[in-house]
Amino acid sequence: MIILLFIISITMLIISIIFNKKGNEARKDTAGWFTSLILFSFTTITCLFATLGFTASVVKSKYTVEMITMYEQQNNQIEEQIDTVVKQYQEYESDTYAMTSSESSITLVSLYPDLKSDELVKKQIKVYQDNNKKITELKEKQINAKASKWWLYFGG
């Protein structure tokens, strides 16, 4: 849409320049053409900056799908590592804790205070949470890129 407005404003700017120049040569009143010249100059510059801004947003989001996949794979690896640690801890502490079954090893870590205090597990959970935050930001960037594409060229 912005590109279309940009093309229309450039066309109207060129027409205004031509008629303003012809009016000056013929010594006619060119106030109307001069006003349109200023108006379409402003419109062209505004559309140019909007086009550059939306284009930057679209270009930045080009590899968001790959980045989301990378973070999700890293989170899966962390879940597997924590799951292994939790299972080993459950075997070690089988006399103390009843065997619990949960879908997520991340939630199991919260059940065991000794695991929560383990530095490696703490770091892995911090990375896991940071990755989830980045995934959310990237998905938001992906949605914004769709809006930018629509504003640029009616794309989606």
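Summary table below
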read-out	value
Pairs where the first residue, in segment 1-29, is more than 11 Å from THR43 (Cβ to Cβ) and the second is outside any helix (DSSP H, G or I) and polar (S, T, N, Q), C-beta under 9 Å, 6+ apart	PHE19/THR30; ASN20/THR30; LYS21/THR30; LYS22/THR30; GLY23/THR30; ASN24/THR30
Residue match in segment 57-65 (condition: part of a loop (DSSP other than H, G, I, E, B) and either closer than 17 Å to TRP150 by Cα or touching a residue at least 12 places away in the same chain (Cβ under 8 Å) (or both))	yes
Top-ranked residue of segment 64-88 - restricted to ones that are modelled with pLDDT under 85 and surrounded by 13 or more Cβ atoms within 10 Å (Cβ to Cβ), ranked as nearest to LYS134 (Cα to Cα)	ILE82
Selection count where residues are polar (S, T, N, Q), within 30 Å of GLY155 (Cα to Cα) and open to solvent by 60 Å² or more (accessible area, probe 1.4 Å), scope segment 1-47	2
Output for segment 122-156, where each listed residue is in a helix (DSSP H, G or I), of a type in the set (Phe, Trp, Tyr) and open to solvent by 100 Å² or more (accessible area, probe 1.4 Å)	TRP150, TRP151, TYR153
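Residue-wise test of (1) within 30 Å of LYS146 (Cβ to Cβ); (2) touching a helix residue (DSSP H, G or I) at 6+ places or on another chain (Cβ under 6 Å).
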residue: LEU5; (1), (2): yes, yes
residue: THR11; (1), (2): yes, no
residue: ILE14; (1), (2): no, no
residue: LYS21; (1), (2): no, no
residue: ALA26; (1), (2): no, no
residue: ALA31; (1), (2): no, no
residue: LEU39; (1), (2): no, no
residue: THR43; (1), (2): yes, yes
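The values are calculated or read from the model by the stated rules, or taken from the named source; none is laboratory data. Everything numeric in this text was worked out from a predicted model, so none of it was measured. For neighbour counting, all protein chains shown are included, and Cβ atoms are generated from backbone atoms with ideal geometry for every residue, glycine included. Heads up: the accessible areas ignore ligands, DNA and RNA and are worked out on the full protein's heavy atoms, side chains in. Shrake-Rupley method; radii C 1.70, N 1.55, O 1.52, S 1.80 Å.
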